[in-house]
Amino acid sequence: RCKNNGRNGFSFFEAGMEVAALRRAKVEEELRQALAEDRIQAHFQPLVRLEDKTIIGYEALARWCMGDGTCREPDEFISIAEEAGLISDIFYVVLRKAAKAARTWPSELTFSVNLSPVQFNDPWLVERILQILVEEGIQPGRLDIEVTENALVGDFQIARDVLWSLKNQGIHISLDDFGTGYSSLRHLSELPFEVLKIDRSFIENLSVDTTSQTIVRTVTSMAHSLGLIVTAEGVNSVDNATAVSEFGCDIGQGFLFGRPEAVGAGRASPAANEDGPDNEYPVSDEPT
Ligand code: C2E
Ligand code: MG
Ligand code: MG
Ligand code: MG
């Protein structure tokens, strides 16, 4: 019998919980303030067609920026935002900013925005997305909505209806982080995905990890048989880019081609890309 594990252990545990809850409440409050002060930004990472190394679009990634110009990354705030009911606000901010940016790009470039599973409960989701596109003067065909497999483990009927409504309006749908979630192939086949993004955990060590090689080759072949375009995430070296091309992937995304950046800030941005999308991709000179 553990006589010392009673009251003291319990109150330690409780104190720890309280600290965590207080921290969360503080982050939540700061996040609300950041939204109110327009400090949630979209950063953009290029998507590159592997065949000819052309930039075909950008993924918009949320950043929470401070007064001093530094920004917090999604791992620090997306799950808190989901629990606090702030994820929709963040999504609409990112969507609108990405749409505004896309207006300044060559019109063939697409932009991708990440949708949280929580948002399937928003009955106005489809209408509001379309409204923002109309207000910003963007054709629905330039938008790609990314959802993860785990978005489909909740209420599958709702997720399916929403994704089909978006697709029927001309918006493209991508399956993000493929290989890390719990969806069934049956479910996936009932959804209007056009792009399958292989999670970066399968790509990062591709040149040495033979299991990943088999998975990437097989998944790509299966996806192509189903008529899907395949994107490799986490392409961070020339070896990686060569490998994913050999395994048949169509599009690459990763630090090799460009890190997420504020538009106009660097070489990867279309604003700095004066000849339009036909330029060679900018190979990052940062060590990977
Ligand atoms: P994701 O949608 O899979 O986005 C790709 C993530 O991989 C980005 O991280 C990007 O910076 C990172 N990445 C890209 N290339 C490389 C590489 O070569 N190496 C490594 N190590 N990482 C690479 P980020 O921006 O930190 O975003 C993390 C996740 O947060 C995203 O993963 C997405 O699931 C979520 N997220 C980002 N923005 C939003 C948003 O507006 N709404 C929602 N609901 N989720 C978002
Ligand atoms: Mg990150
Ligand atoms: Mg994504
Ligand atoms: Mg991903």
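The values are calculated or read from the model by the stated rules, or taken from the named source; none is laboratory data. On a predicted model such as this, the values are computed, not experimentally measured, just so you know. Reconstructed Cβ throughout: ideal geometry from the backbone, glycine too, with neighbour counts over all protein chains shown. When the accessible area is computed, the model is the full protein with side chains, heavy atoms only, and any ligands, DNA or RNA have been set aside. Shrake-Rupley method; radii C 1.70, N 1.55, O 1.52, S 1.80 Å.
Partner aspartates and glutamates whose Cα lies under 19 Å from the Cα of LYS97, excluding those fewer than 8 positions away in the same chain, are identified as GLU37, ASP38, GLU59, GLU73, ASP89, GLU108, GLU127, GLU135, GLU136, ASP144, GLU146, GLU261. If both residues of a DSSP beta bridge must be in the chain, then about 40% of such bridges are antiparallel.
The lysines within cross-link reach of LYS53, meaning a Cα-to-Cα straight distance under 18 Å and a gap of 8 or more places when in the same chain, are LYS197. Given the protein chains as shown and a 1.4 Å probe, how many square angstrom of LYS167 are accessible, to the nearest 10? About 70 Å², ignoring ligands and nucleic acids.
Using just its DSSP H runs of length 4 or more, each adding -39500 (n - 2.57), the chain gives a mean residue ellipticity at 222 nm of -12000 deg cm²/dmol after division by all residues.
Scalar couplings 3J(HN,Hα) for region 179-188, obtained by applying the Karplus form with A = 6.51, B = -1.76, C = 1.60 to θ = phi - 60°, are x, 10, x, 10, 7, 8, 5, 4, 4, 4 Hz; x denotes Gly and Pro.
Shown in residue order for region 189-199 are the 3J(HN,Hα) couplings computed by the Karplus curve 6.51 cos²θ - 1.76 cosθ + 1.60 at θ = phi - 60°: 6, 8, 10, x, 6, 10, 10, 10, 9, 6, 4 Hz (x for Gly and Pro).
How would region 207-265 be classified by its alpha-carbon gyration tensor: rounded, prolate or oblate, with rounded meaning a/c under 1.5 and the a/b versus b/c comparison settling the rest? Oblate. Post the alpha-carbon centroid distance, region 25-87 to region 144-163, in whole angstrom. Here the answer is 21 Å between Cα centres.
Solvent exposure of the chain, expressed per residue, is 52 Å² of accessible area, with all protein chains present and a 1.4 angstrom probe.
The relative contact order of the chain, computed from alpha carbon pairs under 8 Å that lie at least 6 residues apart in sequence, is 18 percent. Once all protein chains are placed together, MET66 keeps about 50 Å² accessible to a 1.4 angstrom probe.
Here the Karplus curve 6.51 cos²θ - 1.76 cosθ + 1.60, taken at θ = phi - 60°, turns the phi angles of region 58-75 into couplings of 9, 8, 8, 10, 5, 9, 9, 9, 9, x, 7, x, 7, 10, 8, 9, x, 4 Hz, with x standing for Gly and Pro. Dipole of the chain computed with +1 at Lys/Arg Cβ and -1 at Asp/Glu Cβ about the Cα centre; of LEU61, PHE44, ILE78, farthest Cα towards the positive end is ILE78. Sum up the charges of everything whose Cβ sits under 11 Å from the Cβ of SER184, counting Lys and Arg as +1 and Asp and Glu as -1, but leave SER184 out. Here the charged neighbours net out to -1. In the chain, the portion of solvent-accessible area held by carbon and sulfur atoms comes to 50 percent [1.4 Å probe, whole percent, DNA, RNA and ligands not counted].
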